[in-house]
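Have a look at the structure below before the remarks.
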Amino acid sequence: MSVPNSKRYSELVKLLNKYSYEYHALDKPTVTDAVYDGLMKELENFEGLHPDMIAKDSPSQRVGSSISKSFEKYQHKTTMISLLDCFSESEAKAWLERIAKINPKALKTNFWVDSKKDGLACALHYQDGQLLRAVTRGDGKTGEVVTANIRTIKTVPLSLNPEHPFFKGYTEVRGEIIMTKLDFDALNKKRDLSGLARFMNPRNLAAGTIRQLDPRKVAERPLRFHGYDLIRQDSTEIKTNEQAYKDMRRLGFYTDSEAHLELDFPAVLEYAHNFAKKRLQLPYNTDGLVIKINNRKLYDSLGSVGKNPRGAIAYKYPAEEATTVIKDIVISIGRTGAATPVAVFDPVIVAGTTVRHASLHNADEIERKDIRVGDTVVIYKAGDIIPQVQRVIKELRTDGAKRFFYDTELERQYPELEFERPDGEAVYRVKGASAQILLERGLQHFSSKGALDIDGMGQKNVEILVGNGLVKDFADIYILTEQQIKGLERFASLSASNLVRAIADKKNPSLNRFIFGLGIRHVGAQTAIDLANHYKKLDNLGTATYADLKQVDGVGEIVAESILAWFVDEDNQALLAKFRRLGVWPQDVLRTKSFLSGQSFVITGSLQNMSRDEVATKIRALGGVFQSSVAKGTDYLVIGENAGHSKVDKANKLGTKVINEQEFKKLIK
């Protein structure tokens, strides 16, 4: 194991324990559950690979955290456990398969399902029907006695239904203390009017309220108690979780309307799928479902593993936040010439989709958030659509984290361009380039002989189409009609018809020509061929990482960053989506090996029957490499008429094979 990994593991242990203390003991969390879960998963993955290095104080080795000294402590009669999380149907099925190996009856049983509410867990103890004490979850083994505060919650019965058999003896009801969204919003509106700071979220407010030392303050806030478990001294009195919920209701507790029985596991998964959208309309916050074996005897027979009971899972929905490490920052040049910085990182799942990059907006934003290459950051989706970096977790910053100097990077990544930042603007732009000029240049390149080779799309015609507003991006040429074009300058009916036909003929070009035609900076014709041969499909190239790209012959740091920058640009992503909708897409590269694969060629002099461009195209199409000058690795020098002596002399000196035009033709046949 490398030293940097062990150092990061130690930092994770320290930071997660800090977060856990803030959450459980102080009720003042500084990060969301999604951020905590993401870092916890990284820690658990490390411990899975290196079990001999698990720290004694690792948060994975205990149920919860330390207890505040503000309230009397109480040891729970049975541990208030936490549930194993799963985030997909496949993980849920894997859970069922695991427990079925322990007890095959799990495959044929039914399941109790309830929403997983985002609140504060609490246990209510009753003796002969009277509320004896209320205890928070704490670390799962020991909690805090908050009876006086709990008594102010109107949905907590101070005495149980005397007609129910469980009125007598010891009864414990466990549940979640929550605040509804409407009540939370109403409180914040009052604070706005009073000029007070707004509360962060309902969960934090509920937890903080319960820890108030003055019960009168608790009574002022509209908290609710939702029961989710019922415990009796004689466990055989409660046969199923379904019965537990019915008894809780009869005893006087509120249980959630979402709680219900599913007869088999496929039905559970179908409900979980539908609940993904339904949960957003519920009056309270929830991040998933609790799925339990309904039969309590079967549930108990499965036992526990660590802090998690085997007979239940928490089916969680994709988090709207995730943590990751920034591998690089590339600058994307958009269609208007704006230079936008983009963070590139290993793929993470945010709000249900895989995210590989996030906009950093501009140089000021990077400076304000102090974002550096190598930083661990929190990624979120603005409006559930656009990935962005929320903040840096500076506690995990390493000595190797590199500051990003914008001017320096512009010069390094785009040495051939000049940029300017107009007064009062936050964005750098390509100097002297308007959106129309950039589009005209790009479209001319897209249509050129080396790219898609569209007859009739020369400079003048491109300027006419763009200038008349008929073409606003590359894809627009594929929806041009003869009726739109004829009558424009330089176009009659026949020329308009010919152009529309020529464009339609190039809807499915070869992959290397399409890549070259996109105009990705620093990607020439040969690099496009290398990329096409390596990735085979455009989608594969579009999802390639920085490290992947560096493995391709001829792709160095600058080229890799340029490719990443092109594919992360939102305008370019929209362009590719539009191409796909119109049926314009390059052909996949077949996995065949040509005789010329890996062979390099140089041409000197003029050939009789082929132009230099035609020769280059033919060589590349057959898998060869076309070079402009003889070098140590050159395999063939093709000599035409009026060839100079310098290249021939160099070829002879380096041992490069010298052939004439006729020999070359035989070779490629």
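Bear in mind these aren't lab numbers, they're just calculated from the coordinates by the rules spelled out. Quantities reported herein were computed from a predicted structural model and do not represent experimental measurements. Methodologically, a virtual Cβ is constructed for each residue, glycine included, from the backbone with ideal geometry; neighbour enumeration extends over all protein chains shown.
When you filter the GluC sites (Glu not before Pro) in segment 165-270 for DSSP loop state and at most 13 other Cβ atoms inside 10 Å of their Cβ, you are left with E220. Put simply, the Cα atoms of segment 468-527 extend 40, 22, 18 Å along their principal axes, the longest span coming first.
The loop-placed GluC sites (Glu not before Pro) in segment 400-459, going by DSSP, that have at most 13 neighbouring Cβ atoms within 10 Å of their Cβ come out as E416, E418, E425.
Structural size metrics of segment 344-480, computed from C-alpha coordinates, are Rg and Dmax of 19.8, 59 Å.
With the simple model of a label 7 Å out from the Cα in the direction of the Cβ, M53 to K402 spans 2.5 nm.
With a Förster radius of 22 Å applied to the C-beta separation of Q233 and H164, the computed FRET efficiency comes to 0.90. When each of H361, H125, H50 is scored by the number of other beta-carbon atoms lying within 10 Å, the sequence from fewest to most is H50, H361, H125.
Taking all C-alpha pairs of segment 272-417, those more than 18 Å from each other amount to 67 percent. Packing, as the average of other Cβ atoms within 10 Å across residues, places the peptides 532-543, 201-212, 81-92 in the order 201-212, 532-543, 81-92, highest first.
Listed from fewest to most Cβ neighbours within 10 Å, the set H357, H260, H522, H273 follows the order H273, H260, H522, H357. Where Rh is the Kirkwood radius over the Cα pairs of segment 600-668, the temperature 25 °C and the viscosity 0.890 mPa s, what D in µm²/s does Stokes-Einstein return? Reported coefficient: 207 µm²/s. Given their separation in residues at 0.36 nm each and the Cα-Cα distance between them, S90 and K181 gain 29.6 nm when the chain is fully extended. Extension gain, Q459 to L488: 0.36 nm times the residue separation minus the Cα-Cα distance gives 8.9 nm. Taking only the Cα atoms of segment 26-148, the radius of gyration and Dmax are 18.0, 51 Å.
If only the Cβ of Lys and Arg carry +1 and only the Cβ of Asp and Glu carry -1, the dipole of segment 427-467 around its Cα centre is close to 240 debye. The Kirkwood hydrodynamic radius of segment 339-422, based on inverse pair distances between different Cα atoms, is 14.0 Å. With respect to the chain, whose longest principal axis is taken over its alpha-carbon atoms, helix 33-49 is tilted by about 80°. Each pair of Cα atoms in the chain enters the Kirkwood radius, and Stokes-Einstein at 10 °C and 1.306 mPa s then converts it into a translational diffusion coefficient of 52 µm²/s. By the helix-only formula, in which each DSSP H run with n ≥ 4 contributes -39500 (n - 2.57) and the sum is divided by residues, the chain has a 222 nm mean residue ellipticity of -10500 deg cm²/dmol.
Between segment 118-172 and segment 294-308, the C-alpha centres lie 24 angstrom from each other. Taking 7 Å steps out from each Cα toward its Cβ at S495 and T78 produces label points 8.7 nm apart. Taking the Cα centre of segment 435-581 as reference, the dipole from Cβ charges on Lys and Arg (+1) and Asp and Glu (-1) amounts to some 460 debye. The value for segment 73-316 of Rg(Cα) / (2.2 N^0.38 Å) is 1.04.
Cβ-to-Cβ counts within 10 Å put Y546, Y636 in ascending order as Y546, Y636, the fewest first. For the chain, the longest principal axis of the alpha carbon atoms and the long axis of helix 570-581 meet at an angle near 80°. About the centre of its Cα atoms, the chain shows a dipole size close to 1180 debye [charges on the beta carbon of Lys, Arg (+1) and Asp, Glu (-1) only; nearest 20 debye].
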